[in-house]
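Below: the structure, in structure tokens.
The values are calculated or read from the model by the stated rules, or taken from the named source; none is laboratory data. Just so it is clear, the structure is predicted and the values come from calculations on it, not from any experiment. Glycine gets a Cβ as well: all are built from the backbone with ideal geometry, and neighbour counts include every protein chain shown. Protein only, heavy atoms only, side chains kept; ligands, DNA and RNA dropped before computing areas. Shrake-Rupley method; radii C 1.70, N 1.55, O 1.52, S 1.80 Å.
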Amino acid sequence: MKLSIIIPAYNEEEYLPGLLESIRNQDFDDYEVIVADADSDDNTRKIAREYGCRVVDGGMPAVGRNRGAAAARGELLLFLDADLVLTEGYLRDAVEEFESEDLGIAITQMIPISTRRRDKILHEFANRFMILVESIKPHGAGCYGILTRRELHEKVGGFDESLDFGEDTDYIERIGKISRFKVLRKPRVLVSIRRLEKEGLKNLAFKYTRSTIYDFMGKRVSAGDLGYEFGHSRRKRRVLYSVCGEGMGHAIRSGVILDKLTEDHEVLIFASDRAYKYLSSKFDNVHEIYGFNTVYEDNRVNDIKTFLRAMKTFPRDLKENLRLLYRIARDFKPDVVVSDFEFYASVVSNMLRIPLISIDNMHVITQCRIEYPERFRRDKLKAEAVVRSFIVRPRRYLITSYFFPEVKNPDKVSMYPPVLREEIMNLRPYYGDHVMVYQTSQSNRKLLEVLRSIDREFVVYGFDREGVDGNLTFRRFNEDQFFRDFESAAAVITNGGFTLISEALYLRKPVYSVPVRGQFEQILNAVYLEKLGYGEFHEKTERESLERFLGRLDIYRRNLEDYDGGNNEIIEALKRTIDECSRGC
């Protein structure tokens with residue numbers, strides 16, 4: 001027999017059929033296929049046998065390859081990972097080039113299974129780099145088609161099973177020292193980008209760049225040194241964490257939580273819009289998805305335009321988001337899905353029957369007995385329908401809030417103080433002369449007219465402008481400047497956004513709240529703000545009410561003296577809930 005194809009595998013029921021089908025369709029038939037299975041608990045062994053493969057007991061990659069080679073009958077050995085797909089004519093071209101060049105060991109160039117230009121450029125760079133250094137140092141990153149002679153494999157003692165990282169490069173080097181090495185030019189293999197999707201470009205690039213540098217220096221680096229794990233470690237819970245991109249509140253809260261959660265959990269992060277931009281600047285393994293966006297006009301939600309915009313992109317968004325989330329979730333095998341009011345993660349959790357944990361401030365609307373003026377009942381019913389449709393049947397609700405109405409179902413629902421950024425907790429607030437104005441929408445032009453009519457200095461965020469206009473100082477968002485303005489503000493004028501109000505109350509800043517009309521969550525925040533005596537709720541900005549508010553700042557400041565603004569205890573509660581739901585909550 002000319003060729004033995006050896007495939008180490010562990011829980012590869014999703015990817016293995018693609019590889020085996022591509023082998024079956026080759027125009028070269030003098031081969032056998034050996035699958036070295038590491039005690040999979042899915043259908044890996046069954047699939048291998050259905051395709052006529054020989055199945056042997058495997059282990060970690062080096063162990064599996066050695067056990068497969070020990071059972072091999074072929075003159076040549078081809079080591080493949082289970083998530084590869086062979087291109088047309090691959091086996092014929094590989095064997096012909098290998099033998100015509102009288103090689104002892106060779107590796108294959110790669111084509112990513114991806115339509116992204118970034119992925120294609122990245123893999124082509126890797127191909128060219130391997131060719132560039134082939135005459136200097138035999139090298140290979142990943143088992144993307146290692147072809148050698150069985151006699152050479154046996155001569156060097158196979159793969160070094162003591163290595164938990166870089167065992168493929170070590171193997172290539174040792175055989176390359178006693179024979180001829182080359183990167184094959186014609187045959188190419190299609191490679192999965194699941195590792196890239198799982199770990200993120202920057203994280204994976206760092207690991208392989210570091211390992212390559214160490215390798216060229218003659219040093220060995222372990223998987224532990226790089227934080228790299230094969231398969232899925234049982235020591236850490238695996239969490240798929242998805243974040244709504246509407247506004248910045250979800251992103252800011254999630255940033256604080258994820259900073260702690262990633263210390264002792266394996267986490268994949270998905271986010272849309274502004275949340276993606278914010279979180280991807282702080283974490284490596286963040287994947288972008290499409291999200292829903294609200295249309296605002298004159299500080300009001302335009303329901304019709306919001307619906308039409310959503311329906312215009314929904315077919316594309318649904319297809320692309322579910323394809324990405326479903327594929328990665330199937331590979332990553334999360335123990336739980338955590339959603340900060342993100343719709344598509346909720347859908348995937350129910351499709352795959354993975355426990356869903358909801359963590360947000362929105363569910364106070366559906367899970368608590370709230371009090372609000374009857375004139376907002378229609379807005380409340382609309383908001384309730386949206387909240388229930390966005391997050392479907394979670395096992396647990398973790399609600400963050402600065403007000404604490406009665407919970408309807410204490411067995412499933414728990415409430416905690418607001419999540420606060422460390423930068424906010426480190427500020428030393430005092431009352432300066434200016435009032436800080438923060439708007440989530442640029443549509444509230446009436447507000448600017450009112451501010452100009454009042455003899456007071458206002459620092460204004462949210463209108464994408466920079467400069468001074470009379471008593472108004474406009475700023476584009478800059479985090480450091482924002483914190484300085486916040487720290488010294490006499491008071492805050494804002495919509496009804498939960499995060500900014502929570503941070504203002506923590507800093508003991510009275511709040512004049514004008515919620516976006518039609519957005520019940522903001523209305524509810526403002527209702528309880530006024531009920532607790534921390535500021536005022538107004539349906540529109542008027543000079544008389546704003547001047548009255550500014551004249552009552554001392555009263556609100558006294559009320560805020562006893563405010564306990566939060567200690568991030570929800571993070572430990574989330575970790576406990578993840579553990580409980582991983583074991584079947």
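For the reader, a short list of remarks on this structure follows.
- Considering residues of region 167-185 that are assigned to a loop (DSSP other than H, G, I, E, B) and charged (D, E, K, R) only, the residue surrounded by the most Cβ atoms within 10 Å (Cβ to Cβ): R180
- Those residues of region 139-166 which are modelled with pLDDT of 85 or more, on the phi < 0 side of the Ramachandran plot and open to solvent by 10 Å² or more (accessible area, probe 1.4 Å), in sequence order: R149, R150, E151, L152, H153, E154, K155, V156, D160, E161
- Among residues of region 146-166, those that are part of a helix (DSSP H, G or I), of a type in the set (K, R) and either over 12 Å from N66 (Cα atoms) or under 33 Å from the mean Cα position of the chain (by Cα) (or both), counted: 1
- Total residues in region 464-496, condition more than 29 Å from the chain's Cα centre (by Cα) and over 16 Å from S545 (Cβ atoms): 18
- All positions within region 508-520 that are surrounded by fewer than 23 Cβ atoms within 10 Å (Cβ to Cβ) and either out of contact with any strand residue (DSSP E or B) (no Cβ under 7 Å at 6 or more places or on another chain) or not in a loop (DSSP other than H, G, I, E, B) (or both): R508, R517
- Single unsatisfied condition, D37 versus (1) over 27 Å from E99 (Cβ atoms); (2) open to solvent by less than 30 Å² (accessible area, probe 1.4 Å); (3) out of contact with any Gly (no Cβ under 7 Å at 6 or more places or on another chain); (4) without any contact (Cβ under 8 Å) to a residue 40 or more places away in the chain: (3)
- Selection from region 538-585 of residues that are closer than 28 Å to D455 by Cβ, outside any loop (DSSP other than H, G, I, E, B) and open to solvent by 30 Å² or more (accessible area, probe 1.4 Å): R543, E544, E547, R548, G551, D554, I555, R557, R558, N559
- Selected residue (only one of E88, E97 is of a type in the set (D, E) and open to solvent by 40 Å² or more (accessible area, probe 1.4 Å)): E88
- Unique match (being of a type outside the set (K, R) and in contact with a Lys or Arg (Cβ under 6 Å, 6 or more places away or on another chain)) among V413, V419, V407: V419
- Filtered by the rule that a residue be assigned to a loop (DSSP other than H, G, I, E, B) and on the phi < 0 side of the Ramachandran plot, region 5-38 gives Y10, E12, E13, E14, Y15, N25, Q26, D27, F28, D29, D30, A38.
- Odd one out for L524, checked against (1) open to solvent by less than 20 Å² (accessible area, probe 1.4 Å); (2) over 38 Å from the mean Cα position of the chain (by Cα): (2)
- The residue that is farthest from L324 (Cα to Cα), counting only those in region 277-287 that are touching an Asp or Glu at 6+ places or on another chain (Cβ under 9 Å) and at pLDDT below 90, is D284.
- Here E423 qualifies as acidic (D, E) and open to solvent by 40 Å² or more (accessible area, probe 1.4 Å).
- Selected residue (only one of R452, R445 is surrounded by fewer than 19 Cβ atoms within 10 Å (Cβ to Cβ) and in contact (Cβ under 8 Å) with a residue 40 or more places away in the chain): R445
- When I359, I399, I354, I365 are checked against the criterion of being open to solvent by less than 30 Å² (accessible area, probe 1.4 Å) and farther than 26 Å from D579 by Cα, I365 stands alone in meeting it.
- Each residue in region 352-387 was checked for being assigned to a strand (DSSP E or B) and more than 27 Å from E503 (Cα to Cα), and 1 pass.
- Qualifying residue in region 93-102 (condition: in contact with a strand residue (DSSP E or B) (Cβ under 7 Å, 6 or more places away or on another chain) and without any contact (Cβ under 8 Å) to a residue 60 or more places away in the chain): no
- When D93, D102, D81 are screened for being closer than 24 Å to Y10 by Cα and not aliphatic (A, V, I, L, M), only D81 passes.
- Extreme residue, surrounded by the fewest Cβ atoms within 10 Å (Cβ to Cβ), among residues of region 71-85 that are over 36 Å from the mean Cα position of the chain (by Cα) and either free of Cβ contacts under 8 Å to residues at least 40 places away in the same chain or assigned to a loop (DSSP other than H, G, I, E, B) (or both): R73
- Residues that are surrounded by 13 or more Cβ atoms within 10 Å (Cβ to Cβ) and either closer than 24 Å to F332 by Cα or not hydroxyl-bearing (S, T, Y) (or both), drawn from region 368-388: C368, I370, F376, D379, K380, K382, A383, E384, V386, V387, R388
- Within region 105-121, considering residues that are part of a helix (DSSP H, G or I) and modelled with pLDDT under 75, the one least open to solvent (accessible area, probe 1.4 Å): D119
- R274 being closer than 30 Å to K380 by Cβ, modelled with pLDDT of 75 or more, open to solvent by 20 Å² or more (accessible area, probe 1.4 Å) and touching a helix residue (DSSP H, G or I) at 6+ places or on another chain (Cβ under 9 Å): yes
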